[in-house]
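Worksheet: the structure to be examined is printed underneath.
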Amino acid sequence: MEAKKTPEADLNKKASMFLAIGLLVSLGITLAAFEWKKTEAGELMDLGMAPDDFEELTEIPPTEQPPPPPPKIQQPQIIEIPDEEEIEEEIEIDLDVEITEETEVEEIVFEEEPEEEVAEEIFMVVEEQAAFPGGQKAWSKFLKKNLNYPKQAQRMGIEGRVFLSFVVDKAGAISDIAVVRGIGGGCDQEAIRVLEKSPKWSPGKQRGRAVKSRMSIQILFKLK
């Protein structure tokens with residue numbers, strides 16, 4: 001018959017506690033062994049002084065440079081120029097002229113300066129307007145005889161009135177022809193050509209005298 005142990009006498013329950021205590025004790029001894037140091041007195045080594053092989057450095061004072069001389073400013077030379085230069089050239093005048101009764105003295109004629117030409121005034125409105133010689137019927141007959149209908153205008157079917165402006169001078173000559181309103185197709189140039197070909201007109205008159213005046217006419221281009 002196997003003898004039974006009491007719970008208080010069972011050492012297996014306390015085995016883990018004893019194991020932990022043993023580990024702690026052994027760990028403490030190990031740490032103490034590592035921390036324990038033994039110091040011994042050793043000899044001191046005299047390193048002495050290192051040999052000084054460097055040359056003695058000499059302090060060089062900074063070099064003082066004199067300041068540069070100030071720039072020379074050349075003052076402008078003033079030369080006096082007289083207002084009038086004297087001409088020292090001697091002019092010989094022969095006053096020993098014998099004058100007798102037969103000596104003819106030439107008369108000195110002073111020529112008058114030509115007057116500046118004043119631009120002739122062009123009258124826009126006059127009492128009596130300039131007119132083609134022979135009147136309106138003669139003008140229409142002149143146009144039928146001399147006016148050529150431009151072929152380009154015929155092909156394009158262009159027709160209408162060309163308004164011209166021009167100047168008639170005192171002698172009846174025509175100048176300064178300009179197209180006020182044209183229709184193109186060569187009709188404008190043909191109207192100018194016919195007017196330039198016309199004979200001299202009767203000049204316009206203002207207060208009974210012929211004056212230079214500006215005129216305006218219209219030339220009709222009509223297809224049949």
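Observations on the model:
- HN-Hα J in Hz across the range 134-144 - Karplus 6.51, -1.76, 1.60, θ = phi - 60°, x for Gly and Pro: x, x, 5, 5, 5, 5, 5, 5, 5, 5, 4
- Over 21 Å between alpha carbons, listed pairs Lys144/Lys205; Lys200/Lys222; Lys141/Lys200; Lys145/Lys200; Lys144/Lys200: Lys144/Lys205; Lys200/Lys222
- In order through the range 199-206: 3J(HN,Hα) via Karplus (6.51 cos²θ - 1.76 cosθ + 1.60), integer Hz, x for Gly, Pro: x, 5, 8, 7, x, x, 10, 10
Read-outs: derived from the displayed coordinates by stated rules, not from any lab. In this text, all values refer to a predicted model and were calculated from it rather than measured experimentally.
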